[in-house]
1. On full extension of the chain, what length is gained from Glu143 through Ser62, given 0.36 nm per residue of separation minus the C-alpha to C-alpha distance?
2. Highest mean first, how do 12-25, 81-94 rank when packing is the count of other Cβ atoms within 10 Å averaged over residues?
3. Applying 1/(1 + (r/R0)^6) with R0 = 30 Å to the Cβ-Cβ distance of Gln25 and Gln94, what FRET efficiency is obtained, to the nearest 0.05?
4. Hey, what do the phi angles of segment 89-102 turn into as Karplus ³J(HN,Hα) couplings, whole Hz, using 6.51/-1.76/1.60 and θ = phi - 60°, x for Gly and Pro?
5. So if I take the alpha carbon set of segment 1-50, get Rg, then get Rh from the Kirkwood formula, what is the Rg over Rh ratio?
6. From the P(r) of segment 32-83, could you give the percentage of C-alpha pairs in the tail past 19 Å?
Amino acid sequence: MTSASLASLTNQKLDTARRFIQQSQDCNEAWLKVGLESSAIFQLRSALNGLLKEVSAAYSLSGSLEVAKLLAESEKKQMAVPVLGELDDLLSRQDSWCFLLNQAYLVQYECRASMSMVQADDLIGRGDDAGASVSFYLTKLVELVLRFREESSEY
């Protein structure tokens, strides 16, 4: 698959997440908000995986969806991949948007009844902490994707 089509898939995931977030904010039904929120979180995590596939293609890496494995592989090949270093740092910090997104995804994936790190009622665009907002996750992930693509196009 070409990097353009990988980018297109990542963009589709980001756009779908954005639409779910918007629908959730416009919705008055609590049960539907929860479903739309869960769907947005899934799409965002999937978009992050899409970014990892883009990185793998751009740097001829294995295609793993694990940041640590891709980072180790790039270091073994003596390549500096700034986005992987940034993601590794973000995933190691419990207060980062990326770590919180991953935790929100795991809550959905593991079908847990409650979230230990954030309150479910405050996820979409209304959180007291910007890191607890799905809208914030979307904004930060889009920034990261665009920064990666800009840096990649320079070389």
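Readers should treat all values here as calculations from the given coordinates under stated rules, not as data from a laboratory. Being a predicted model, the structure only gives us computed values, none of them experimental. When we count neighbours, we look across all protein chains shown, and the Cβ atoms used for this are built from the backbone with ideal geometry, even at glycine.
1. 26.7 nm
2. 12-25, 81-94
3. 0.65
4. Here the 3J(HN,Hα) series is 5, 4, 6, 8, 9, 5, 9, 7, 4, 6, 4, 5, 4, 4 Hz.
5. On the way: Rg = 12.4 Å, Rh = 11.2 Å.
The Rg/Rh ratio comes out at 1.11.
6. For segment 32-83, the share of Cα pairs beyond 19 Å comes to 36 percent.
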